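The values are calculated or read from the model by the stated rules, or taken from the named source; none is laboratory data. Note that the structure is predicted; figures quoted are calculated from it, not measured. Please note: Cβ atoms are built from the backbone with ideal geometry, for glycine as well, and neighbour counts cover all protein chains shown. To get the accessible areas, we keep the full protein, side chains included, count just its heavy atoms, and leave off ligands, DNA and RNA. Shrake-Rupley method; radii C 1.70, N 1.55, O 1.52, S 1.80 Å.
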Amino acid sequence: MSSAPLHFQTIAELSAKIAAGQLSAVELTQAIIARTKAVEPRVHAFNSFDEADALAQAVASDGRRSAGQSAGALDGIPVGLKDVIAVAGQPLTASSKMLANFVSPYDATVTQKLQRAGAVLHGRLNCDEFAMGSSTENSAFGPTSNPWDLTRTPGGSSGGSAAALAAGAAVATLGSDTGGSIRQPAALCGIVGLKPTYGLISRYGLIAYASSLDQIGPFGRTVEDTAIMLGAIAGHDPKDSTSFNTTIPDYRAELKTRRGPWKLGIPKEYFGAGLDPEVGAAVEKAIAFYRAQGCEIREVSLPHTQYCLDTYYIIATAEASSNLARYDGIRYGHRTRDAKDLLDVYQKSRAEGFGDEVKRRIILGTYVLSSGYYDAYYLRAQKVRTLIRQDFLNAYREVDALITPTSPIPAFKLGEKSADPLAMYLCDIYTIGVNLAGLPALSLPCGFTASGLPIGLQLIGQPFREADLLATAHAYEQAHGWNTQFPSL
Amino acid sequence: MNYEAVIGLEVHVQIKTHSKVFTRVGAGFGHEPNTLTDPVVLALPGTLPVMNKAALDAIIKAGLLLGCDIAPACKWDRKQYFYPDSPKNYQISQYDQPICLSGSVEIELPGAARNVMGEHKKIPLTRIHLEEDVGKLNHHATDSLVDYNRAGTPLMEIVSEPAMHTAEEAFAYLTSIRNTMIYGGISDCDMEKGQLRCDANISIRPVGEKKLGTKVELKNLNSISYVRDGIAHEIKRQLAVVAAGGTLTQETRDYDGVAGTSQSLRSKEMAHDYRYFPDPDLMPVHVDEAWKAELRRACPELPFDKQRRLIADYQIPYTITSVLIPDRELSDFFEATAQLTGTGRAQVVGNWIANDLLRELGAAKLPLSASKISASNLAALIQLIDSGTLLNAAAKEVFATMFATGDAPAAIVARLGLAAAPTDTGELEAWCRESIAANAKALAEFKSGKDSAINAFKGPIMKAAKGKANPKLVDETLRRLLAEA
């Protein structure tokens, strides 16, 4: 494996070399910077990149190591953050004109945790504006391209995080997942992406899209790298009341101790119309692998799946309409230049600062919370959400985890769906239920289409049992090695 | 036709906590603009609220003091509207599950005279809920500036039933809430600092009618006297509209306390749609019996209960209690002193506090907490007077010195030579004999049974003693000599 160029190597490989004194954090960071400069003009994964700051962090990392104070596997590893996660002194734009000039004065909790782990935080990654979208085309700073095919989308909303990693412009990245925004781009870019259980990772410092659905999660080249990243960012945070107080296992070590066979469920509603045949076939092969390993495979039903999309677009937009009210041009962010009065400041600043998709969701969310409509939409959606969660919990009486495609289709062409919001929303059909139910799920590579596009497999786990989920994925990955193939850029 | 007014009050009380309700930055009044802020207060992207337990303790305590039912579970909602004083453009509040339900506020209406206790009533409450305060806009000629120091200060809203009928009742209600909150250490309720604010819902209806009339919400009643004047003005205005054959419209009006007038702010049609929904950033709060019991133990006796008890236990007049009661520390000081002097001298204690102590504090512009006079020293002063060692006139001087220095009265008496004199019974007896001999008329009167005639002998004695004679001793000596005469 270590025959791959530095920028395609894993955290596990690189940290071993750093620990053995064969590689310094500065050398690694320089390699990643060089690679970023080489591919960024074609991929456009970054909204901002602070080379000097990254090198300073790398120097500090090498200093710790020479003093015998290495913080562990992530010490000196370049990690990119989706541009919705706050880093003190760095831009924080959410890929929106509204925050184009905003610099965060404070750190997100995950930022502090990664810094304590010694990671070199080297750039803020492009995404759909305020994480709303499935293609990164809703970024005010232009779309990101898929490293496997530059005419195609990397998916979204965390498209920059997935594309940067796939392109070798980062060793690991963080994204956020509200309806599939980590898993779908991971699938489309041929890497691993994990959406943790709601409450496992602090949301403090994550720009809120839909608070009850948002969750930060890692992208890695391998399941092991993903486990290392998860271990660094998980845990209770007194600054986030929705973060859960639970013991965090050593996810990386658990990969070796947790072995199947597992009972895996195939939700029949996830294999119907709209599923690309090549994607379906790859997922069937993965299922066959698990069966061959002695896993019991059982068909299960999640009967309320058909309501997931509707439920999501009521709850997510309602919360978004409220969360985005603070972007008003008064205290920070974009303010219109020609306002007659206060109302004008609000209306023009927001009209100029927000893109179409964000406006669409704010309007929809405002509507479903309005007097006279609340009960029919928001309240009913919350009830359906409970039923959707119950579907999953019922399935977990029979099986340990669920196995499904991540995205119904592989990477689509840039511009292909941008005029049709509904077609775009359907990209999240297999990922959205997980957010509504608050469950952990990951996407890992399970093959390529005939035209060479990556295909993702989704494993959906039980609340706070990420260790089992990662071990299940690890078993598949060890037997396949899709992650040793890299895009030619 | 005879009309009656129906009044309900929405009272906002700022809770006195060290930090704000959803973040750790300090809360307070009078700081440099925008110094009590942090990323959460300013609603920077990505920030989240975290509940301050001290604010919850305070509102539960307030609910217990007012006899509310404390909800076993309550949640937090977002009240949404755009205004620059609200950093998130929503206010975290409680919509349909407030933490305190029902309960009541005991009020006292003005008595027939100043020294007569007035009628007491209980005004039922609908609810008390917790929310966050907003910032403050300062308007200038061409721009407006926002100060977010106040934003995020814990605020409770106490909502009464529409159960009051006069401006006096509303005034008494607000006074009672203020006294109760101060007793509970929940708020200082300084209206000038915005710690207590009041809006009133006012309607009129024909006497005997059960249905409520068209409601007008009166805002900006930001002093206790504005509450009384504003409500009285609004009732008059509504009666005048109806008397002139007009119809009242549901609206919100702004009261101008200086001008004594009100203006319409918005009609019912212009009312906000606040789009309340549960705040997904905060977990519901569950209040168990142990928590309630802990706070119940921290609840003080209510002001009116204390007043009734002081009157019953210490036999002191209503007038004195009405001075002592609004100030919890002052009434505690009274009680501590009266316990030392004995109940029989409680009224004397009350008089010293209500008259002399408050006068000294007022003149020095000091709060009670700065007073140097301890309960034991005040009790000792009264003891010196009662024993005849100290005359009233001299006692005033001793008291002033005690206030200035905190010294024990006996030490001051010794230092300043203020003890009653002479104690030489021989000299005193001589003066008494002279006085009796010099006033045959009074002697005859006294002998014939007119006891008060004895006073006629005392003046010359005091004069001879240059005012320093112990009056008790003078009286005793006179009586002994008169019996012999």
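Remark: C-alpha extents of the protein assembly as shown on the principal axes read 139, 80, 59 Å, sorted largest to smallest. Computed from the C-beta positions of B:Ala54 and B:Glu289 and an R0 of 22 Å, the FRET efficiency is 0.65 to the nearest 0.05. The alpha carbons of the stretch B:175-232 occupy a box of 41, 21, 14 Å along the principal axes, longest dimension given first. In the stretch A:82-121, burial by the other protein chains removes 40 Å² or more of 1.4 Å probe accessible surface, compared with the chain on its own, from A:Tyr106. When the accessible areas of A alone and B alone are added and the area of the pair subtracted, with a 1.4 Å probe, the result is around 2700 Å², both sides summed.
Within chain A, antiparallel bridges make up roughly 65 percent of the DSSP beta bridges whose residues both belong there. Counting only protein heavy atoms and a 1.4 Å probe, tell me what percentage of the protein assembly as shown's accessible area is made up of carbon and sulfur. Summing carbon and sulfur atoms, their accessible area is 53 percent of the total for the protein assembly as shown. The residues of the stretch A:238-286 occluded by other protein chains by 20 Å² or more of accessible area, set against the chain on its own, are A:Pro238, A:Lys239, A:Ser241, A:Thr242; surface from heavy atoms, 1.4 Å probe. Summary of the geometry: the stretch B:293-353 and the stretch A:408-442, compared by the centres of their Cα atoms, lie 71 Å apart. The residues of the stretch B:32-74 listed by number as losing at least 40 Å² of accessible area in the complex, against the isolated chain and with a 1.4 Å probe, are B:Leu44, B:Pro45, B:Gly46, B:Leu48, B:Val50.
From most to least packed by mean Cβ count within 10 Å, the peptides A:53-60, A:189-196 give A:189-196, A:53-60.
Ranking B:Phe304, B:Leu357, A:Gly175 by how far each Cα lies toward the positive end of the dipole of the protein assembly as shown (charges on Cβ) leaves B:Leu357 at the top. Rounded to the nearest 20, the size of the Cβ-charge dipole of the protein assembly as shown about its Cα centre is 820 debye, with Lys and Arg at +1 and Asp and Glu at -1.
For the stretch A:134-145, the Karplus equation 6.51 cos²θ - 1.76 cosθ + 1.60, evaluated at θ = phi - 60°, returns couplings of 10, 8, 6, 6, 7, 6, 5, 9, x, x, 9, 9 Hz by residue, with Gly and Pro reported as x. By the Cβ rule of 4.7 Å, the protein assembly as shown holds the following cysteines without a possible disulfide partner: A:Cys127, A:Cys189, A:Cys295, A:Cys308, A:Cys427, A:Cys446, B:Cys74, B:Cys189, B:Cys198, B:Cys299, B:Cys432. Bridging of B:Lys468 to aspartates and glutamates at a Cα separation below 13 Å is possible for B:Asp424, B:Glu427, once same-chain residues fewer than 8 apart are set aside. FRET efficiency for B:Lys268 and B:Glu209, Cβ-Cβ distance as r, R0 = 25 Å, nearest 0.05? The computed FRET efficiency comes out at 0.75. Let's test the formula: R0 of 60 Å, r as the Cβ-Cβ distance of B:Ala414 and B:Ala483. What FRET efficiency results, to the nearest 0.05? The pair B:Ala414/B:Ala483 has a calculated efficiency of 0.95.
Over the protein assembly as shown, with the other protein chains present, what is the accessible area per residue in square angstrom, probe 1.4 angstrom?
Details: 38660 Å² over 974 residues.
That works out to 40 Å² for each residue.
Averaging the sequence gap over all C-alpha pairs within less than 8 Å and six or more residues apart, then dividing by the number of residues, gives the stretch B:1-66 a relative contact order of 31 percent. Taking amide H atoms as placed 1.01 Å from N in the peptide plane, the amide H of B:Ser262 lies under 5 Å from those of B:Asp256, each 5 or more residues away in sequence or on another chain. Which of the DSSP-defined H helices in chain B satisfy a minimum axial length of 27 Å, computed from C-alpha atoms, and a minimum mean Kyte-Doolittle hydropathy of 1.0? Length and hydropathy pass: none found. Rounded to the nearest 20 debye, the dipole magnitude of the stretch A:210-325 is 520 debye, with +1 charges on Lys and Arg beta carbons, -1 on Asp and Glu beta carbons, and the Cα centre as origin. Going by amide H atoms built from the backbone, whose H comes under 5 Å of the H on B:Lys372, apart from near neighbours? It is none; the list stays empty.
Counting alpha carbon pairs within less than 8 Å and at least 6 residues apart, what relative contact order, in whole percent, applies to the stretch B:220-378? Walk me through the intermediate numbers first.
On the way: 105 pairs, mean separation 20.7, N = 159.
Answer for the stretch B:220-378 is 13 percent.
The charge dipole of the stretch A:221-277, taken about the Cα centre with unit charges on the Cβ atoms of Lys, Arg (+1) and Asp, Glu (-1), comes to about 280 debye, rounded to the nearest 20. Legend: P(r) of the stretch A:175-247 from all alpha carbon pair distances, 10 Å bins from 0, whole percents, reading 22, 52, 24, 2. Cross-link partners of B:Lys447 among aspartates and glutamates, defined as those whose alpha carbon lies under 19 angstrom from its own and excluding same-chain residues fewer than eight positions apart: B:Glu434, B:Asp475, B:Glu476, B:Glu484. Loop-located chymotrypsin sites (Phe, Trp or Tyr not before Pro) in the stretch B:1-102 (DSSP state not H, G, I, E or B) with no more than 14 neighbouring Cβ atoms inside 10 Å: B:Tyr81. By the equivalent-ellipsoid construction on the alpha carbon gyration tensor, the stretch B:115-249 comes out with semi-axes of 29, 22, 14 Å, ordered largest to smallest. Considering only A:Ala19, A:Ser488, A:Pro147, the residue lying farthest towards the positive end of the dipole of chain A is A:Ala19, judged by Cα position with unit charges set on Cβ.
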